[in-house]
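A short write-up of the structure that comes next.
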Amino acid sequence: MAEAKKSPRNWKLAISVVDPNGDLVYFYKMDQTQVASIGISQGKARTAARYRRPSGAFFAVMQNPAGAYISTLDPTLVASTGGFPLIEGGKLIGAIGCSGATGDQDGVACKAGADTVK
């Protein structure tokens, strides 16, 4: 939240934290965040946890014709920047997902949150 609130940003985000299985353990929606961002943030976090990589990695792969199959892997997969695994001591402990700003802005805010876990 601190990263999103930095002046002049004032990004309105939904922030989801999930366990290693992708199940929601914490959620926060900033005032004036679009309602659609609730499910999107949860999907980004779930994708990052279940596949043990940033959700943006799937977006990058899907930009090539050979990566078009990615969307068939899992109907809940969200291929958009803004979901990051939470790794503590080399072990996956969950993931965080943000939605509400642009994809790149979601990524900046969520990466700041993920980096607090070591």
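Bear in mind these aren't lab numbers, they're just calculated from the coordinates by the rules spelled out. No experiment lies behind these values; they were computed from the predicted model shown. Please note: Cβ atoms are built from the backbone with ideal geometry, for glycine as well, and neighbour counts cover all protein chains shown.
Tell me, what is the percent relative contact order of the chain, built from C-alpha pairs under 8 Å that lie six or more residues apart?
29
Taking Kirkwood radius over Cα pairs in Å straight from the coordinates, which label in (1) 16.5; (2) 14.6; (3) 13.9 is the correct one?
Among (1) 16.5; (2) 14.6; (3) 13.9, the one derived from this structure is (3).
Could you sort the peptides 1-7, 62-68 by per-residue average Cβ neighbour count (10 Å cutoff), highest mean leading?
Final packing ranking: 1-7, 62-68.
Sequence neighbours fewer than 8 away in the same chain don't count; with that in mind, list the lysines whose C-alpha is under 24 Å from K6.
Counting by Cα, and skipping residues close in sequence, K6 has these lysines nearby: K29, K44, K111, K118.
Can you compute 3J(HN,Hα) from phi for each residue in the range 11-28, using the Karplus curve 6.51 cos²θ - 1.76 cosθ + 1.60 with θ = phi - 60°, rounded to whole Hz and x for Gly and Pro?
6, 9, 10, 9, 10, 10, 10, 10, 7, x, 7, x, 8, 4, 10, 8, 8, 9
Neighbouring Cβ atoms within 10 Å as the yardstick, rank T47, T72 fewest first.
So the residues, fewest neighbours to most, are T72, T47.
Treating only the Cβ of Lys, Arg, Asp and Glu as charged (+1, +1, -1, -1), what charge dipole size does the range 2-114 show about its Cα centre? Round to the nearest 20 debye.
Around 160 debye, computed over the range 2-114.
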